[in-house]
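J.: Let me begin by handing over the structure; questions about it come next.
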Amino acid sequence: MSLKKERYMITKVIHEEKIQKAKKYLEKGERFVIITHVTPDGDAIGSALGLYHFLIAYGKDNVSIVVPNNFPQFYKWMPGCKEIVIHEKYSEFAEQLIREADVIFCLDFNEPKRIEKLAPFVLEAKGRKVMIDHHLNPADFCRVTISYPEMSSTSEMIFRFICRIGLFDLINRDCATCIYTGMMTDTGAFTYNSNKPEIYTIISELIKKGIDKDLIYRKVNQVHSESRLRMMGYVLFEKMKVYPEKHAALITLSKEELNRFHYITGDTEGFVNLPLSIEGVLFSVFIREDKDYVKVSLRSVGDFPCNQFANRFFNGGGHKNASGGEFYGSLVEAIDTFEKGLEEFNPNEIEDLK
Ligand code: 5GP
Ligand code: MN
């Protein structure tokens, strides 16, 4: 079967008028900036770099990626990642790029709050803004809002976007590698949020573009430090609290504990998922003391909407089964807030929502 024929097997998800508008910006634009959310994850970096490689292949030579802060070491093998400008390190340069851009892509976030200190610069910027994202309730700050929460990842949407503007052929191996990485990481290597058959049609196309999906998995998942693994052991043995009657579990780490295990960004990635392997645990929360605030990560399996918990108690949001938030106060207060929250709202109460 020809590539062209298979391409048409993918549903047209993105509305045509959005494609046409964005296409016009692509044709006319000269200076492009791609922005993604704070503490970028695999989908943030994958979608940004996927779009970056596409724009370069399309013939644009002034394309930048700006992120609010650093991203984990295990994404630093990704093609093009050295081009990413970190606002926290190169503030003036990053702000100048945003100011001078004529097109700004906002990827993998739905509201300015998610880019923290970058927000005022993006909101003030004159460039035409295009959001491509899959979080619920997109805020209205872009000229074109391409937001489809039913999509598994923003990276998948980048693939669909490129196809819809008729430029599938410009997806090269580097572009495909980045798109695949984002799709893989946002679905836990296709273990959740990944039942839609078209995901696998897309993967099949990406493999034809020359990606090595097995190698990508290893590069993301098998490159951790010894101290991270020891920290994981410590967390499971000493720091995990299970609330059986609430079907919930909690893990916490203070700054001192993180220092003890030589914590670097990304070291605690995936910890929040660990308690979900316990039979009966449907809701897991990981609370980590950060520089200026306490970071909260929430995960659930099944119907319990952990984004509602994040929203009610931790000033956050996200997806039904994977969400996050921030807490301004001490670690002890954050734990207290979690436990009080759990009294009111836990997977036992799910029937009340219906
Ligand atoms: P993580 O736990 O990996 O940091 O975040 C999981 C998901 O939760 C992210 O993909 C994002 O959708 C959402 N999220 C994380 N932190 C925040 C936050 O502070 N506010 C909101 N609204 N969503 C968040
Ligand atoms: Mn995402």
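The values are calculated or read from the model by the stated rules, or taken from the named source; none is laboratory data. All of these numbers come straight from a predicted model, not from anything done at the bench. Cβ: placed from backbone, ideal geometry, glycine included. Neighbour counts: every protein chain shown. Just the protein is used for accessible areas: all its heavy atoms, side chains included, with ligands, DNA and RNA removed. Shrake-Rupley method; radii C 1.70, N 1.55, O 1.52, S 1.80 Å.
J.: Given that compact globular proteins tend to follow 2.2 N^0.38 Å, what is the ratio of the alpha-carbon Rg of the chain to that value?
T.: 0.99
J.: Between GLU333 and ILE264, what is the label-point separation in nm under the 7 Å Cα-to-beta-carbon projection?
T.: 3.3 nm
J.: Which value, in debye to the nearest 20, gives the size of the charge dipole of segment 199-354 about its Cα centre, when Lys and Arg are +1 and Asp and Glu are -1 at the Cβ?
T.: Values: 20 positive and 24 negative charges, 143 e Å.
For segment 199-354, the charge dipole is close to 680 debye.
J.: Using +1 on the beta carbon of Lys and Arg, -1 on that of Asp and Glu, and nothing else charged, what's the dipole of the chain about the Cα centre, debye to 20?
T.: 1280 debye
J.: Could you tell me which of the pairs LYS291/LYS340; LYS24/LYS126; LYS239/LYS340; LYS23/LYS320; LYS113/LYS209 are separated by over 26 angstrom between their Cα atoms in the structure shown?
T.: LYS23/LYS320; LYS113/LYS209
J.: Now, a different point. Give the carbon-plus-sulfur fraction of the accessible surface of the chain in %, rounded to a whole number; probe 1.4 Å, heavy atoms of protein chains only.
T.: 49 percent
J.: If you find the alpha carbon centre of segment 246-301 and of segment 132-186, how far apart are they in angstrom?
T.: 28 Å
J.: Right, another one. Counting Lys +1, Arg +1, Asp -1, Glu -1, what net charge surrounds PRO79 among other residues with beta carbon under 14 Å of its beta carbon? The partial results should precede the final answer.
T.: Working: positive: LYS76, LYS82, ARG173, LYS209, LYS219; negative: GLU83, ASP174, ASP212.
Result for the local shell: +2.
J.: Using amide H atoms built 1.01 Å from N in the peptide plane, name the residues 5+ places from VAL85, or on other chains, whose amide H lies under 5 Å from its own.
T.: Those qualifying (amide H under 5 Å, at least 5 residues apart or on another chain) are ILE65, VAL66, VAL67.
J.: Provide the gained length on full extension for the span LEU236 to PHE141, in nm with one decimal, where the gain is 0.36 nm per separating residue minus the Cα-Cα distance.
T.: Details: separation 95, 0.36 × 95 = 34.20 nm, distance 4.18 nm.
Extending this stretch completely gives an extra 30.0 nm.
J.: If you stretched the chain out fully between PHE168 and GLU88, how much longer would it get, using 0.36 nm times the residue separation minus the C-alpha to C-alpha distance?
T.: Stretched fully, the PHE168-GLU88 segment lengthens by 25.4 nm.
J.: How would you rank 13-20, 143-150, 40-47, 291-298, highest first, on the average number of other Cβ atoms within 10 Å across their residues? Could you put the intermediate results ahead of the total?
T.: Numbers: 13-20: 14.4, 143-150: 17.4, 40-47: 27.9, 291-298: 19.1.
In descending order of packing, they fall as 40-47, 291-298, 143-150, 13-20.
J.: If you average over every viewing direction, what projected area does the convex hull of the Cα atoms of segment 57-163 give, in nm²? List each step's numbers first, then the result.
T.: Values: hull surface 29.0 nm².
One quarter of the hull surface, i.e. the mean projection, equals 7.2 nm².
J.: Go through 203-215, 129-141, 63-75 and give me the packing order, highest mean Cβ count within 10 Å leading.
T.: Answer by packing, highest mean first, reads 63-75, 129-141, 203-215.
J.: Ignoring ligands, DNA and RNA, what accessible area per residue does the chain give at 1.4 Å, in Å²?
T.: For the chain, the per-residue accessible area is 47 Å².
J.: Turning to a different aspect of this structure: What does the helix-only formula give at 222 nm for the chain: each DSSP H stretch with n ≥ 4 adding -39500 (n - 2.57), the total divided by the residues, and the result rounded to the nearest 500 deg cm²/dmol?
T.: -11500 deg cm²/dmol
J.: If you stretched the chain out fully between TYR293 and CYS81, how much longer would it get, using 0.36 nm times the residue separation minus the C-alpha to C-alpha distance?
T.: Result: 73.6 nm gained on full extension.
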